[in-house]
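Student: Just dropping this structure here.
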Amino acid sequence: MLRWKDIIYYAKYSNPEPSYRIEKTESEWRRVLTPTQYAVLREKGTEPPYRNAYCRSYEPGTYTCAACGQVLFNATEKYHAISGWPSFTQPASRGAIRYAFDDSHHMQRIEALCNVCGSHLGHVFHDGPEPAGLRYCINSVSLKKLEDEPEAP
Ligand SMILES: [Zn+2]
């Protein structure tokens, strides 16, 4: 389980190694992403609170990176944070996300990026639910949800 001290360590010193990397030029990203996706994923934009796809969705499933398809979060770690954005308390795996200090907008925050393709996802805060206490505040547009496969008969 990741805790705030792990997130600080990753942002400060060294992030976990992803199992693979996807690198594209910005013009390639522009071709494969919608303008809205591009503005958030590649230009670190933020979508409006509440008016987004996954804010109120709690059905089982897996959330992948909308840019590269890597698994980022499981619905089991999603919770209602009353922030207006989908919120998770843990990533799907330790190496799924990369962290960076973000001092933009006169705030000190920690940015969450896809560890495979480097796209912007959102931010991590330390006011999440116990036991980990983490809140991954993620843009819906950065995510693509895969429904769980129905159980085999
Ligand atoms: Zn990605």
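Student: Do we find a residue being more than 16 Å from the ligand (Cβ to nearest atom) and among the hydrophobic types (A, V, I, L, M, F, W, C) anywhere in segment 64-72?
Tutor: no
Student: Collect the residues in segment 23-49 that are within 12 Å of the ligand (Cβ to nearest atom) and exposed (fewer than 15 other Cβ atoms within 10 Å of the Cβ), keeping them in residue-number order.
Tutor: Correct list: GLU23, VAL32.
Student: Mind listing just one residue for me: the one in segment 103-123 that is modelled with pLDDT of 95 or more and more than 16 Å from the ligand (Cβ to nearest atom) and, of those, farthest from LYS24 (Cα to Cα)?
Tutor: Once the filter is applied, the top-ranked residue is ARG109.
Student: Among the residues of segment 82-89, is any among the β-branched types (Val, Ile, Thr), at pLDDT below 95 and assigned to a loop (DSSP other than H, G, I, E, B)?
Tutor: yes
Student: I would also like to ask the following. Could you please find all residues in segment 17-52 being of a type in the set (Ser, Thr, Tyr) and not in a loop (DSSP other than H, G, I, E, B)?
Tutor: Correct list: SER27, THR36, TYR38.
Student: Restricting the search to segment 50-63, which residues are surrounded by 15 or more Cβ atoms within 10 Å (Cβ to Cβ) and more than 15 Å from TRP85 (Cβ to Cβ)?
Tutor: Correct list: GLY61, THR62.
Student: Determine which member of the set SER57, SER14 is assigned to a loop (DSSP other than H, G, I, E, B), away from the ligand (no atom under 16 Å from the Cβ) and over 19 Å from PHE101 (Cα atoms).
Tutor: After applying the criteria, what remains is SER57.
Student: Could you tell me how many of the residues in segment 1-45 are under 18 Å from CYS137 (Cα atoms) and charged (D, E, K, R)?
Tutor: 6
Student: Look through TYR136, TYR79 and report the one residue that is within 16 Å of the ligand (Cβ to nearest atom) and of a type in the set (Phe, Trp, Tyr).
Tutor: TYR136
Student: Sticking with this structure for a sec: I'd like to check something: does segment 23-35 contain any residue that is closer than 29 Å to GLU149 by Cβ and touching a Cys at 6+ places or on another chain (Cβ under 7 Å)?
Tutor: no
Student: If you check TYR9, TYR20, TYR99, which single one turns out to be more than 16 Å from the chain's Cα centre (by Cα), more than 14 Å from the ligand (Cβ to nearest atom) and either farther than 24 Å from GLU149 by Cα or surrounded by fewer than 19 Cβ atoms within 10 Å (Cβ to Cβ) (or both)?
Tutor: Result: TYR9 is the single residue among TYR9, TYR20, TYR99 that is more than 16 Å from the chain's Cα centre (by Cα), more than 14 Å from the ligand (Cβ to nearest atom) and either farther than 24 Å from GLU149 by Cα or surrounded by fewer than 19 Cβ atoms within 10 Å (Cβ to Cβ) (or both).
Student: Could you list all residues from segment 102-124 that are of a type in the set (A, V, I, L, M, F, W, C) and either surrounded by 19 or more Cβ atoms within 10 Å (Cβ to Cβ) or in contact with a helix residue (DSSP H, G or I) (Cβ under 6 Å, 6 or more places away or on another chain) (or both)?
Tutor: Result: ILE110, ALA112, LEU113, CYS114, VAL116, CYS117, LEU121, VAL124.
Student: Could you please let me know if SER87 is in contact with a Leu (Cβ under 7 Å, 6 or more places away or on another chain), under 28 Å from TYR13 (Cβ atoms) and either within 16 Å of the ligand (Cβ to nearest atom) or of a type in the set (Gly, Ala, Ser) (or both)?
Tutor: The answer is no for SER87.
The values are calculated or read from the model by the stated rules, or taken from the named source; none is laboratory data. All of these numbers come straight from a predicted model, not from anything done at the bench. Backbone-built Cβ (ideal geometry, glycine too); neighbour counts: all protein chains shown.
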